[in-house]
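None of the figures in this text is laboratory data; all of them are computed from the coordinates on show. The shown structure was predicted, so the numbers you read here are calculated from the model rather than taken from an experiment. Glycine also receives a Cβ, built like all others from the backbone with ideal geometry; neighbour counts cover every protein chain displayed.
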Amino acid sequence: MSRILVIDDDAMILKMAGFLLKKQGHEAVTAANGSDGAAIAAGENPQMAFIDVEMPGKNGFETLADIKRACPSMPVFMMTGTLDDEVRRKAAELGALGCINKPLQAPQVIGALQKAGV
C-alpha cells in the first residue's frame, strides 16, 4: 500500500480521491491547502501527489515547486477543471508527470498511478 498525497481546497474532491485511492489499495493523505500539502510532502515523504491547480493562497503551481524542491523524485500529477495547453506546459515545466481533469474519474486516477509506477 502506497501513501498518496492529495492537495485540494474542495472537501468533496479530497473525499472522492480518498475513495478512489482506497479502492486501488492505497492510503490517501490529504491537505486542504498548498502550504499544508508542501509540509506533509516534506515531512512524510508520500510515494506520489495529486495537486489542485486553483487554490486560494498558495496555488498548485507554487505548491508543486515547493514539493519538487523538497522531494525532487516524487511523482506529481496536477488536477484541474480547466485543463488546457498552458496548464499542461506549466505543469511539465515545473516537473509534474501529468495533468488530470476534475471531477476525478477512476480511469484517470488509475492511469496516473500506473504512469507513476505506484
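Just checking, does the range 21-31 include any residue being in contact (Cβ under 8 Å) with a residue 40 or more places away in the chain, basic (Lys, Arg), out of contact with any strand residue (DSSP E or B) (no Cβ under 9 Å at 6 or more places or on another chain) and surrounded by fewer than 16 Cβ atoms within 10 Å (Cβ to Cβ)?
Looking through the range 21-31, at least one residue is in contact (Cβ under 8 Å) with a residue 40 or more places away in the chain, basic (Lys, Arg), out of contact with any strand residue (DSSP E or B) (no Cβ under 9 Å at 6 or more places or on another chain) and surrounded by fewer than 16 Cβ atoms within 10 Å (Cβ to Cβ).
Just to check your reading of the model, which residue among Ile51, Ile40, Ile13, Ile7 is in contact (Cβ under 8 Å) with a residue 40 or more places away in the chain and surrounded by fewer than 24 Cβ atoms within 10 Å (Cβ to Cβ)?
Ile13
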